[in-house]
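Undergrad: I'd like to ask some things about the structure below.
The values are calculated or read from the model by the stated rules, or taken from the named source; none is laboratory data. From a predicted model like this one, the values you see are computed outputs, not experimental measurements. Cβ atoms come from the backbone with ideal geometry, glycine included; neighbour counts cover every protein chain shown. Calculation scope for accessible area: heavy atoms of the full protein, side chains included, ligands and nucleic acids excluded. Shrake-Rupley method; radii C 1.70, N 1.55, O 1.52, S 1.80 Å.
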Amino acid sequence: MVGWFDPRQLMSTGIEVAVSTVVGRHSDHRLMEAVITPKHEPPNDYTTYHQEPAQYEKLISNGIPREEIWLDYLADTGDGWDSTFAVATALARPTIVADAHGGQVETKRGDVLIMGGDEVYPTANRKEYKRRLVLPFETALKELKQGNPHVYAIPGNHDWYDSLVSFTRVFIGKEWVGAWFAPQDRSYFALKLPHGWWLLGVDTQLGSDIDAMQVEYFEKAIEGMGPDDRVILCCAEPQWVFEKYYSKYDAEVYSDSNLAYLTRDVLKGRVRVLVAGDLHHYRRHANALGVQKITCGGGGAFLHPTHAPDADTLPGDKPKLVGGRPGPPYELQCAYPDKAESRRLTWRNLLFPWYNPWFGLFIGFVYFLAAWAFMLPTTDIAHAVLGEYLVGVSQMLITRPAASFWAMIMLGGWIFFTDTHSRLYRWFAGGAHGLAHLMAVFVAGWWAAQLTDQIAWARGSAAAEFGLRALFIFGISGLLGSVIMGLYLLVSLNVFGRHYNEAFSSLAIADYKSFLRFRIDPQGKLTIYPFKIHRVPRKWKEQRGQSPAWQPAEGSVKVELIEEPITVERGMA
């Protein structure tokens, strides 16, 4: 799994994010897609079957109508091998049989696989796409002689970090991802499905924006949509959650205005299912009209908590007219893992030093530089009690510019790190967090001096004393700094509901994977099967001549239903 608190990874990802943000504001790759592809191309039609793989480049229909179709959906994959490969092997199975309240249900491998964003972590490039996404899926399912499934993908923010260069190479080049063929021409798409169902995948870029060319594409693609047709809408982020969680801090950025415009004004209320990733868990909301909003980002990335962001009740859909009544609210129906288990998992941050050893080494080095600026003369420290030492250090903060500079740098750095959507929380919690680290620097310096003074052979040698003190400061402060960080993340999430991303990326939990399987039956009814892989195998053994070639060393990848299948009638109002 990606080490999100590895300083090398943090710096690399930070640079990529900064560059992509600047470039993305001034150059939109979707405009080039619109120029090089037909302006008003029809939607890819899955109401009939297609010819065999040799003709897939043009998706030629053979004229045989489909009575039913199966679709698979996953998002936020391409992180660790174990988690991604486990999900890929489950999707590759011809059938999945799972227990339900009414007995066992049997589902078929999707005719189409939808990847719902963030196909690779931490940043997009050729090497990471190959290693973290393509290879696991090639290994899970390489060849089929008949009935090869298709794959469509929408990009998430991590796919945009190289301006969609790698995403385009994999998904918009008429290429194969294992046995899945990618026929799409843009980073967004429209699929016409049997019995009046449609599936639309939207690309919201880095700024949660649906551009004008994309809106025009959907308007033309769905011109043949009937008044009773219904839509499954896939987007990279669950804007319905972020709107509630963040809009009070930044209503302009964290509103669902673009999504609302598409669903309300373009699709005119036909959307019956909205599905998104970005949050790496499973959470389903529904309103009194039966409209489903599903977050399912368990395709392979680290787990996110379900007890934050808080989303038990979501506001209803916005009315078209100012002053109009909003739709009925959306209530939480199911979460996986449940809130109680999510809170328990947060306590793993008490082992933050164990999960993030490179962070400890980095913070130990930073603490050493800071402690050097705060050091009193060796004899004063060695014979001072901690209280006297802290008084002396406090005086230095006023009289020594170097000490004052380091203190401000440390406090400012931790305040900047804090969840910045709430200014009040940032200053109070960030300030307290920074003061805790600053106090740890003082304690590490004093403790190192006491330990050094106990070593007889080092006395009288300035070089030996300095070397030992530096070593002790490095070790003590690295441990203290990591423990403080873990405690801060634990309290922030479980008490204040902040830092949901950092508090779980620090743990890199590979388990609790999830994906969806859709079936449109001959009667036009849509059934959604939410699946989970509660524990991902860590050890694999090669079995040549089988598919997949690598199997769990013990048992098999166990796939279960998260909740009972969800039924959505096409004619629901």
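Undergrad: Quick check on my filter: what residues within segment 419-429 are closer than 11 Å to Phe496 by Cβ and in contact (Cβ under 8 Å) with a residue 24 or more places away in the chain?
TA: Asp419, Ser422, Tyr425, Ala429
Undergrad: Of the residues Phe518, Phe531, Phe504, which single one is touching a residue at least 12 places away in the same chain (Cβ under 8 Å), aromatic (Phe, Trp, Tyr) and assigned to a helix (DSSP H, G or I)?
TA: Checking each option against the conditions leaves just Phe504.
Undergrad: Out of all the residues in segment 316-343, which are over 17 Å from His281 (Cα atoms), at pLDDT 80 or above, surrounded by 15 or more Cβ atoms within 10 Å (Cβ to Cβ) and of a type outside the set (Gly, Ala, Ser)?
TA: Answer for segment 316-343, where residues must be over 17 Å from His281 (Cα atoms), at pLDDT 80 or above, surrounded by 15 or more Cβ atoms within 10 Å (Cβ to Cβ) and of a type outside the set (Gly, Ala, Ser): Asp317, Tyr330.
Undergrad: How many residues are assigned to a strand (DSSP E or B), more than 22 Å from the chain's Cα centre (by Cα) and not charged (D, E, K, R) if we restrict to segment 65-109?
TA: Here the count works out to 12.
Undergrad: Kindly check whether there is at least one residue in segment 31-51 that is modelled with pLDDT of 85 or more, over 27 Å from the mean Cα position of the chain (by Cα) and open to solvent by less than 30 Å² (accessible area, probe 1.4 Å).
TA: Yes, that holds for at least one residue.
Undergrad: Pairs only if they're at least six apart or on different chains, beta carbon under 8 angstrom, first in segment 324-335 and under 16 Å from Ile528 (Cα atoms), second among the charged types (D, E, K, R); list them, first residue then second.
TA: Gln333/Arg284; Gln333/Glu563; Cys334/Arg283; Cys334/Arg284; Cys334/Glu563; Ala335/Arg283; Ala335/Arg284
Undergrad: Of (1) closer than 30 Å to Leu424 by Cα; (2) surrounded by 19 or more Cβ atoms within 10 Å (Cβ to Cβ); (3) at pLDDT below 90, Tyr217 satisfies all except one. Which?
TA: (1)
Undergrad: Within segment 174-216, take every residue that is farther than 20 Å from Ser163 by Cβ and assigned to a helix (DSSP H, G or I) and give me the one that is nearest to the chain's Cα centre (by Cα).
TA: Ranking the candidates gives Val215 first.
Undergrad: A further question follows. Quick check on my filter: what residues within segment 152-173 are assigned to a loop (DSSP other than H, G, I, E, B) and either surrounded by 24 or more Cβ atoms within 10 Å (Cβ to Cβ) or not hydrophobic (A, V, I, L, M, F, W, C) (or both)?
TA: Across segment 152-173, the qualifying residues are Ile154, Pro155, Gly156, Asn157, His158, Ser163, Leu164, Gly173.
Undergrad: Would you please name the residue that is surrounded by the fewest Cβ atoms within 10 Å (Cβ to Cβ), looking only at residues in segment 512-535 that are under 13 Å from Gly300 (Cα atoms) and either at pLDDT below 95 or basic (Lys, Arg) (or both)?
TA: Result: Arg535.
Undergrad: Further, regarding this structure: Out of (1) open to solvent by less than 10 Å² (accessible area, probe 1.4 Å); (2) assigned to a loop (DSSP other than H, G, I, E, B); (3) modelled with pLDDT under 90, what's the single condition that is false for Gly300?
TA: (3)
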